[in-house]
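Worksheet: the structure to be examined is printed underneath.
The values are calculated or read from the model by the stated rules, or taken from the named source; none is laboratory data. On a predicted model such as this, the values are computed, not experimentally measured, just so you know. Positions of Cβ are backbone-derived with ideal geometry, glycine not excepted, and every protein chain shown enters the neighbour counts. Ligands, DNA and RNA are stripped out before the accessible areas are found, and what is left, the full protein with its side chains, is counted by its heavy atoms. Shrake-Rupley method; radii C 1.70, N 1.55, O 1.52, S 1.80 Å.
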Amino acid sequence: DSLPNLFDFVGERREGKEAVSSAIALREQNILVNFDVLTSDSATAFMITTLDGSSYELFRSDEGLKIRSAGEYTWIGKVRGHPMLDAVFSVKGKALSGLIYTPSGVYEIIPRKDFEHALIEIDQTSAKCGTPQPQNFTTNNGRDEILLSFAESFLTSPNFAPMDGSSE
């Protein structure tokens, strides 16, 4: 059996100055997210393809799936074969935000208006890049705190607008 994909690419890939989502974006492309992949009890692993064409298997770590309420949860996992490389996805309604460390780079998934999302490859050499590097993760607790801090900052940001039709 082949593993499901977390997302599929849609539209055109944008590189360099055409990558409009962030000043630290090397390239980006819109994606269509398969939310069921994150919450299915039978699917604890899935595939992602990065913007350089590399494919990786992500699997749910022991911390697993943290459900806060219906439609609001955080998925925590690892890149198969790379125990120090993490992935975290926070979902609220139909908005997903994620951070993925891979051998080929660091990627962010951001929600956009109208339930669209984008995968962004982050320029780690940029002085503007505040993203923690994988090698800075020295303990499991420290890594979890950084990932959960990322997830919580996404969900509690004053700029976050729920995309499930509700208001906070």
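Let me spell it out: the conditions are (1) of a type outside the set (S, T, N, Q); (2) touching a Leu at 6+ places or on another chain (Cβ under 9 Å); (3) not in a strand (DSSP E or B), and Glu28 meets all of them except one. Which number is the exception?
Every listed condition holds for Glu28 apart from (3).
From Arg27, Arg60, which residue is basic (Lys, Arg) and open to solvent by 50 Å² or more (accessible area, probe 1.4 Å)? Quick ask: steps written out before the conclusion?
Working: Arg60 fails: open to solvent by 50 Å² or more (accessible area, probe 1.4 Å).
Only one candidate passes the filter, namely Arg27.
Report yes if Phe160 is over 20 Å from Met47 (Cβ atoms), open to solvent by less than 40 Å² (accessible area, probe 1.4 Å), assigned to a loop (DSSP other than H, G, I, E, B) and modelled with pLDDT under 90, otherwise no. Break it down into steps so the answer makes sense when it comes.
On the way: over 20 Å from Met47 (Cβ atoms): yes; open to solvent by less than 40 Å² (accessible area, probe 1.4 Å): yes; assigned to a loop (DSSP other than H, G, I, E, B): yes; modelled with pLDDT under 90: yes.
For Phe160, the condition - over 20 Å from Met47 (Cβ atoms), open to solvent by less than 40 Å² (accessible area, probe 1.4 Å), assigned to a loop (DSSP other than H, G, I, E, B) and modelled with pLDDT under 90 - is met.
Name every residue in segment 58-91 that is more than 19 Å from Ile109 (Cα to Cα) and among the aliphatic types (A, V, I, L, M), in order of residue number.
Within segment 58-91, Ile67, Ala70, Met84 qualify.
For the condition closer than 24 Å to Ala25 by Cα, of a type outside the set (D, E, K, R) and open to solvent by 50 Å² or more (accessible area, probe 1.4 Å), what is the one hit in Pro111, Pro83, Pro103? It would help to see each step written out before you state the result.
Details: Pro111 fails: open to solvent by 50 Å² or more (accessible area, probe 1.4 Å); Pro83 fails: closer than 24 Å to Ala25 by Cα.
One residue alone meets the criteria, Pro103.
What about Val33, is it without any contact (Cβ under 8 Å) to a residue 60 or more places away in the chain and crowded, with 20+ Cβ neighbours inside 10 Å? So that I can check it myself, show each step before the final result.
Numbers: without any contact (Cβ under 8 Å) to a residue 60 or more places away in the chain: no; crowded, with 20+ Cβ neighbours inside 10 Å: yes.
Spelling it out, it is not the case that Val33 is without any contact (Cβ under 8 Å) to a residue 60 or more places away in the chain and crowded, with 20+ Cβ neighbours inside 10 Å.
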